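*Asks:* Mind looking over this structure? Questions follow.
Read-outs: derived from the displayed coordinates by stated rules, not from any lab. None of these values were measured; they are calculated from a predicted model. Neighbour counts are summed over all protein chains in view; Cβ atoms, including those assigned to glycine, are modelled from backbone coordinates with ideal geometry.
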Amino acid sequence: MRILQLDVDKIEYALVKPESKVYEESDKKRQAVENALALFVCVEKGDTETEAKQAIDDAVNFAKKQKIGRLVLYPFAHLSSDLASPEESYALFKKMRELAEGKGLEVFAAPFGWNKQLSVSVKGYPLAEQSRSYGKQKREVKKSQKIDTSIVKKSDWSGLPETDHRIIGEKLDLYSFQEVSPGMVYWHPKGFILFKQLVEFMREKEAEYGYEEISTPELANIALWEVSGHLEHYRNDMFIFDSSIGTVGLKPMNCPSTMLIYMTRKWSYRELPFRTAIFDKVHRSELSGVATGLFRVKEFTQDDGHIFAREDQIESEITQLLKMVNEVYSTFGMKYKAKLSTMPDNHMGDEKLWERATNALKAALANNHMDYEIKEKEGAFYGPKIDFDVYDSQGRAWQCATIQLDYQMPLRFKLTYTDKDGKQQTPVVIHRAIYGTLERFIGVLVEHYQGKFPTWLAPVQVIVVSVSEKSNAYAESVYAELKKKGIRVEADLSDRTIDYKVRQAIGQKVPYIVVVGEKEAEKKSITVRSRSSKQKEMKVEELAEIVGKEAASRSNTLTF
């Protein structure tokens, strides 16, 4: 049995049509539940009441610790390819509902066997998303067992709306998702250009604000996670396995290994703050099987940063970060609001230090005249944090940037610096990410722009199309000249009609389409059609200058 456990602000589902030969009749076509623990349940071959009882007991214990009063059971077959029959699954799902009743929680169960429209808003703390597996030992792959090669295929996103980033990504050839790597992204050349442009932008910002980039191994002995507290608070969401170098874990966060870099030398108060930036991949297993493209991934890259600072530097560092957040999101034309998340029940360390950290964040927000709402008990397990909800062009909110103030981990790693009196003091650490997760942020951007990226982000900035074979030679020279000037350009010199070529280019949502015919060849000019359907005749050098200026300024709009 596989369970995806989510602590949700809200879960809402509506019945569409039965999708299984076994389904549960229901008069209630829609259900919305707020502030609940949602269990997405996948019943596998061989599962019994033993697995069902263990899953319910674990969920109830977690709910009581987190003071959650509602439990939602949701049948979800997409977590495994080793499914029990519909009859067995339905029987065990009903049993789980019975087991959950009488445990002191209000229990809801989504009808079994239906295709449903689903909307979930997950809370922002680390333990809000966890995956669990029960009865796993019965299904371990043996050498003699035949491997199912049918999963060597691309994920199927048919049926999704045209506005969805998965559909847009396929049409623009940005990325794909493969069944053999669930929750992980295959970046195609055009998509990786987009990825690299965002990294380059953030690297420029970080250099401007005095960060130094680092990188650390993806694997570490679990002793590191014991010291950091992740083994106690985050173990179920880590990839941990035995290896030739002992029991190791893939890093779910960059902070513990960054602490090790700080520990390699002695520090004076004059050398702080020490600002580090890192773009390493991290891995978390809590999102197993959730088919939501870039929004829910298990392998991802954060624009992560850690600032080692004295306590008297907290406010100035937070002020810099607030400024940085504003500059970045203004570039994309996105508004945002701040949320202050306080100490969760499942926290680490002295509550007096938590109070000090929370008051420091409140003071920084107040002194920067920033409005914010309080999110009680939703901080990270090591410290309170400021999260930012970013609004896209459709008015939807996405939690992206985060600033977290940590007194706990520096104590656990015994970090020190020498103060002006020669005494050893413990620094504070500010964890921060501006995009958050690059994969998720790209998903947000794809839907924010609906694939119509500004010139600086567009994987292809210009497409050159020839009117006929007679103008191919001149079209090739235009293409070569633009490419030489550093413009991301493609050329369509096929024997298709010009109308077809232009339609194809429009479908690729490129900022500028260059049409070249015999007339343009004679005049040594080009006809440029912008994405806004405006058209101008100009020289190649003029277009190169327009594209260059838009890219250099990271303009969010086209020149014409």
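*Asks:* Per residue of the chain, what 222 nm ellipticity follows from adding -39500 (n - 2.57) for every DSSP H run with n ≥ 4, rounded to the nearest 500? Write out the running numbers ahead of the final one.
*Replies:* Details: 15 runs with 174 residues, N = 560.
It lands at -9500 deg cm²/dmol.
*Asks:* While we're here: Classify the chain: rounded, prolate or oblate, from the alpha-carbon gyration tensor (a ≥ b ≥ c, eigenvalue square roots; a/c under 1.5 rounded; otherwise prolate if a/b is larger than b/c)?
*Replies:* Values: a/c = 2.03, a/b = 1.24, b/c = 1.63.
Oblate, since a/c reaches 1.5 and b/c is not below a/b.
*Asks:* Using Cα-Cα distances under 8 Å and only pairs 6 or more residues apart, what relative contact order does the stretch 453-492 have, in percent? Provide the component values of the computation, followed by the final result.
*Replies:* Values: 37 pairs, mean separation 20.3, N = 40.
Dividing the mean separation by the residue count of the stretch 453-492 yields 51 percent.
*Asks:* When the dipole is taken about the Cα centre of the chain, and only Lys, Arg (+1) and Asp, Glu (-1) are charged at their Cβ, what size is it in debye, to the nearest 20?
*Replies:* Details: 82 positive and 82 negative charges, 91 e Å.
The dipole of the chain has a size of about 440 debye.
*Asks:* Taking the DSSP beta bridges in the stretch 455-534 as the whole, what percent of them are antiparallel, to the nearest 5? Walk me through the numbers on the way to the answer.
*Replies:* Details: 4 of 13 bridges.
In the stretch 455-534, DSSP labels about 30 percent of beta bridges as antiparallel.
*Asks:* Cross-link partners among lysines for K94, C-alpha distance below 19 Å, same-chain residues fewer than 8 apart left out?
*Replies:* K94 reaches K21, K28, K29, K45, K53, K103, K116.
*Asks:* When S257, S89, S555 are ordered from fewest to most other Cβ atoms inside 10 Å of their Cβ, what list results?
*Replies:* On the way: S257 19, S89 24, S555 14.
Sorted ascending by nearby Cβ count, the order is S555, S257, S89.
*Asks:* Related question: With a cut-off of 8 Å between alpha carbons and a minimum separation of six or more residues, what is the relative contact order of the stretch 1-152 in percent?
*Replies:* 39
*Asks:* Now a separate question. Among DSSP beta bridges lying fully in the chain, give the percent that are antiparallel, nearest 5. The partial results should precede the final answer.
*Replies:* Details: 81 of 107 bridges.
Roughly 75 percent of the DSSP beta bridges within the chain come out antiparallel.
*Asks:* Of the cross-linked pairs K337/K414; K298/K484; K205/K485; K352/K375, which ones have a Cα-Cα span greater than 30 Å in the structure shown?
*Replies:* Details: K337/K414 35 Å; K298/K484 39 Å; K205/K485 25 Å; K352/K375 19 Å.
Pairs exceeding the cut-off: K337/K414; K298/K484.
*Asks:* Give me the percent of Cα-Cα pairs in the stretch 165-449 that sit more than 25 Å apart, rounded to a whole number.
*Replies:* Values: 19563 of 40470 pairs.
Result: 48 percent of Cα pairs exceed 25 Å.
*Asks:* Also, quick follow-up: Counting only GluC sites (Glu not before Pro) that are in a DSSP loop and have at most 10 other C-beta atoms within 10 Å, tell me the longest site-free stretch of the chain. Can you show the working numbers first?
*Replies:* Numbers: sites that count: E25, E140, E162, E376.
So the longest stretch without any such site is 163-375.
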